[in-house]
Amino acid sequence: MSIVPKALANGCCQPPPASDRPSPIQRNERAGERPITEEANPAPSLSRVSLCSTIEYCPLRRCSDHDCLLAQVNDGNYNLRRTAKAEASIVRKSKHTRTTMRLINTETLELHEFFESQAPTYAILSHTWDKDEITLQEMLSMSPSTMVKAGYKKIQDTCKMAQSRGQQWVWIDTCCIDKSSSAELTESINSMYRWYQNAHECYAYLVDFAPGSLPQDELEKCRWFTRGFTLQELIAPKTVVFFDRDWNVVGEKGDKNILEIIARFTGISEDLLSGFRPVDDYAIAERMLWASSRETTRPEDKAYCLLGIFEVNMPLIYGEGDNAFRRLQEEIIKRSNDLSIFAWGTPLNWEPTKKGSLTERRYLGLFARSPADFGATW
């Protein structure tokens with residue numbers, strides 16, 4: 001009969017002697033000498049290990065958390081088995097160190113590419129798209145036809161504002177993502193919540209907010225508050241500065257009066273907007289409710305704009321229509337036991353028949369068809 005080590009019996013992991021731990025140089029050598037990114041620490045051998053390994057080896061750096069690693073004793077060998085939660089965190093962490101992002105130099109307007117883990121401090125733009133937005137290819141070409149577009153002036157104004165506020169780098173979704181590459185588009189949308197979260201400050205440009213208007217009268221009417229992707233751009237950043245169409249400061253998300261106004265008409269808690277509570281403190285149905293009245297140009301984006309809010313990564317398949325939202329819900333229930341995901345209804349319980357009479361909708365699936373279904377019951 002095998003004896004369980006004291007460390008395992010106590011449910012925690014004790015680090016081995018310092019002499020047994022690999023140095024950073026040794027870890028880099030094993031990783032293939034990739035100095036531009038931090039490689040995830042390799043897992044220890046699973047055969048005949050007496051402990052759950054060192055904290056350095058623990059992928060989540062939380063060996064005392066029972067969600068991190070489970071140890072099982074089989075025939076005298078101690079095998080480490082990661083829980084699903086730990087596996088998901090490991091995958092997200094390893095992807096973050098390899099993800100690249102383009103940033104615009106606010107002085108030269110030139111694009112530079114960085115590994116996310118080594119990106120400098122940057123500001124980020126949040127806006128609603130118009131017809132003459134600048135693509136990555138147009139930004140690289142800098143042709144005369146590009147420089148006369150309204151989208152290019154928006155980039156210039158953003159860089160000018162960022163520079164005046166002490167920022168050398170800025171990220172803008174229209175021209176910092178190669179949308180001709182489906183792989184890059186997928187990676188960028190899956191990373192976007194984190195990019196807004198890590199930004200030094202976010203500039204919310206309200207093109208339909210007239211200079212001199214009062215926030216309590218006009219802020220709610222802005223198109224920016226009706227779009228799907230701007231939901232995460234409101235929640236994720238620590239600092240959001242609102243600008244009118246002439247780039248005058250309207251106020252910041254943290255200002256008491258602005259905070260109260262936004263919380264009132266969006267239904268989003270002031271504690272979340274001010275950063276006192278994280279987004280995962282809120283029930284799934286409540287988070288869906290925030291998006292229930294928002295619109296997207298493509299039906300798939302109703303799901304894709306919520307990936308970061310639910311900490312979900314999944315491939316983008318434009319053309320799948322409403323099935324994207326079903327896939328999102330399937331991914332959510334893999335990671336959460338919050339049953340409020342099923343607390344939805346349909347906005348219309350009755351629908352007209354060809355003869356003009358009303359026929360009851362008798363059949364509804366387990367999953368909602370869109371975030372709007374959550375707005376019908378809350």
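The values are calculated or read from the model by the stated rules, or taken from the named source; none is laboratory data. Nothing here was measured: the structure is a model prediction, and the numbers come from that model. When we count neighbours, we look across all protein chains shown, and the Cβ atoms used for this are built from the backbone with ideal geometry, even at glycine. Note: accessible area is taken over every heavy atom of the protein model, side chains too, but ligands, DNA and RNA are not part of it. Shrake-Rupley method; radii C 1.70, N 1.55, O 1.52, S 1.80 Å.
With respect to the conditions (1) open to solvent by 70 Å² or more (accessible area, probe 1.4 Å); (2) at pLDDT 95 or above; (3) polar (S, T, N, Q); (4) touching a Lys or Arg at 6+ places or on another chain (Cβ under 8 Å), THR239 falls short on a single one, namely (1).
Search the range 299-336 for residues being open to solvent by 50 Å² or more (accessible area, probe 1.4 Å) and part of a helix (DSSP H, G or I), and hand back the single one that is nearest to ARG227 (Cα to Cα). Ranking the qualifying residues of the range 299-336, first place goes to LYS302. Of all residues in the range 153-176, those satisfying the criterion of being in contact with a helix residue (DSSP H, G or I) (Cβ under 9 Å, 6 or more places away or on another chain) and open to solvent by less than 10 Å² (accessible area, probe 1.4 Å) are ILE155, VAL170, TRP171, ILE172, THR174, CYS175, CYS176.
Taking interchain pairs and intrachain pairs at least six residues apart, which have beta carbon atoms under 7 angstrom, with the first residue in the range 290-317 and over 14 Å from ARG369 (Cα atoms) and the second aromatic (Phe, Trp, Tyr) and in a helix (DSSP H, G or I)? These pairs meet every condition: LEU307/TYR193; GLY308/TYR193; ILE309/TYR193; LEU316/TYR304. Would you check if there is a residue in the range 251-272 being at pLDDT 95 or above, within 22 Å of LEU185 (Cβ to Cβ), open to solvent by 20 Å² or more (accessible area, probe 1.4 Å) and not in a loop (DSSP other than H, G, I, E, B)? Looking through the range 251-272, none of the residues is at pLDDT 95 or above, within 22 Å of LEU185 (Cβ to Cβ), open to solvent by 20 Å² or more (accessible area, probe 1.4 Å) and not in a loop (DSSP other than H, G, I, E, B).
Restricting the range 122-150 to residues that are among the charged types (D, E, K, R) and surrounded by 13 or more Cβ atoms within 10 Å (Cβ to Cβ) leaves a set whose member that is nearest to the chain's Cα centre (by Cα) is GLU133. Within the range 172-199, the residues that satisfy the criterion of being assigned to a loop (DSSP other than H, G, I, E, B) and either under 18 Å from LEU136 (Cα atoms) or without any contact (Cβ under 8 Å) to a residue 60 or more places away in the chain (or both) are ILE172, ILE177, ASP178, LYS179, SER180, SER181. Kindly establish whether ALA291 is out of contact with any strand residue (DSSP E or B) (no Cβ under 9 Å at 6 or more places or on another chain) and crowded, with 17+ Cβ neighbours inside 10 Å. Yes, satisfied.
Could you check, for the range 200-208, whether at least one of its residues is open to solvent by less than 20 Å² (accessible area, probe 1.4 Å), touching a Leu at 6+ places or on another chain (Cβ under 6 Å), not polar (S, T, N, Q) and not in a strand (DSSP E or B)? Among the residues of the range 200-208, not one is open to solvent by less than 20 Å² (accessible area, probe 1.4 Å), touching a Leu at 6+ places or on another chain (Cβ under 6 Å), not polar (S, T, N, Q) and not in a strand (DSSP E or B), which makes the answer no.
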